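To start, the structure itself, in structure tokens.
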Amino acid sequence: MKRPTYTLPSIVKKVFRSGERSLPRTEICSRMEANELNAFLDLDSTALLEKVLQMDQSPVRVASSEAIVELTYQPHQLYDLAYRFLRDTGAPKKLEQIVAELRRQTQFGWNQILRMLQLEKDTRFVQYQGDIRWFIAEWTLGNDQVYEFCRSNGITQVTSRSLIHFLEQEVGIAGDAAFLPNLDDRFRIDGEILYIVVRSEDESEEQIEERIEELAVSEVAAAAVSEAPETIAKTDSVSEVVVTESAQPVLQAEQKEQEKPLITKEEITMSNATNQQVLEEVQKLLQEAIERLETRQQDMSQEVVDHFQQSNMQAIEVLMKEKHKHEQIVLGIQQVLATSEQQ
């Protein structure tokens, strides 16, 4: 059985509640078992805690008494900025993405941030096994809710195009809930389709794979039937259907060719020249927009430094949101320019 499971350090961090700096070993193990944090692992709570205590970047260490375990986290403003970045974007991020954002917000270098920012030690950040991204500990996991909804309503597959709408509008999972089908054997992703696997107790993995393959084949067949031309008569002869379908593209192409209006070479030349002129003007305006945004970004960098020196975290947070919005706009403009240059 495969389910999204926290990494070992994250399991221990999830045990600590807000404001707690240390706990007895017995209490840590008791909370692990009560919350079933190690339910899908082969380690019992005592062995798990010992293993985490021996890690180089462990979030906990033995206190003055062997019976007490305390957190190793030391407060720093970089951790607060990283937390706000994940919270405001509402999505998990890789470490390099977090470091890149903190570099834009502060004057610290890449190596300095990596040395100071040890997210393994901060209880606000957690990871799942098999996923290198960092999540906020308070975010919930929506896999169980999605699976139960699909099973109760007889839903066996969802397309990737409608997945977000399905999760938010139909399933109704919380806005801060993570959905990780890749880490859950109740779900399978095949191309653009997410399959929901309702497993019976005596069903083997091979039987599940066969069932998914059958679902995929049925979906292709159903799509082919729905898109078939109405001119194809129902027949028992497979050869008749194949010949009729193969003839359709040729007939449609001939019909379209006949319907094309006559356009002179002079009209084509004038049209191309006008289009090129308009395209160049648009590209120039877009380049000017990027330059203005980049100028504003430079000004904001100095503003962030000033606010950081004054410990004005609220102002930094406002600037961070503005910078993130500008970066998204610049990225969108660059994509438009790249597309227009390929025309």
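The values are calculated or read from the model by the stated rules, or taken from the named source; none is laboratory data. Values in this document were obtained by computation on a predicted structure and should not be read as measured data. Ligands, DNA and RNA are stripped out before the accessible areas are found, and what is left, the full protein with its side chains, is counted by its heavy atoms. Shrake-Rupley method; radii C 1.70, N 1.55, O 1.52, S 1.80 Å.
A probe of 1.4 angstrom, applied to the heavy atoms of all protein chains, finds Val197 with accessible area near 10 square angstrom.
Amide H contacts of Tyr128 (H built 1.01 Å from N, in plane; Pro and chain starts excluded): Thr7 sit under 5 Å, all sequence-distant by 5 or more or on other chains. Ordering Glu96, Glu101, Glu317 by accessible surface, largest first, gives Glu96, Glu317, Glu101; the 1.4 Å probe counts only protein heavy atoms, with every chain in place.
Looking at the square roots a ≥ b ≥ c of the eigenvalues of the Cα gyration tensor of region 36-192, which shape do they give, rounded for a/c under 1.5, prolate if a/b is larger than b/c, or oblate? Oblate shape, in that a/c is at least 1.5 and b/c is the bigger or equal ratio. For a test of the definition: using alpha carbon positions, the gyration tensor, and the 1.5 limit on a/c, classify region 1-87 as rounded, prolate or oblate. Oblate, because a/c is 1.5 or more while a/b does not exceed b/c. Accessible area ranking (1.4 Å probe, heavy atoms, ligands and nucleic acids excluded), largest first, for Met32, Met55, Met1: Met1, Met55, Met32.
Is region 114-165 best put as rounded, prolate or oblate by its Cα gyration tensor, with a ≥ b ≥ c the root eigenvalues, rounded for a/c under 1.5, and otherwise prolate when a/b is larger than b/c, oblate when not? The shape class here is prolate.
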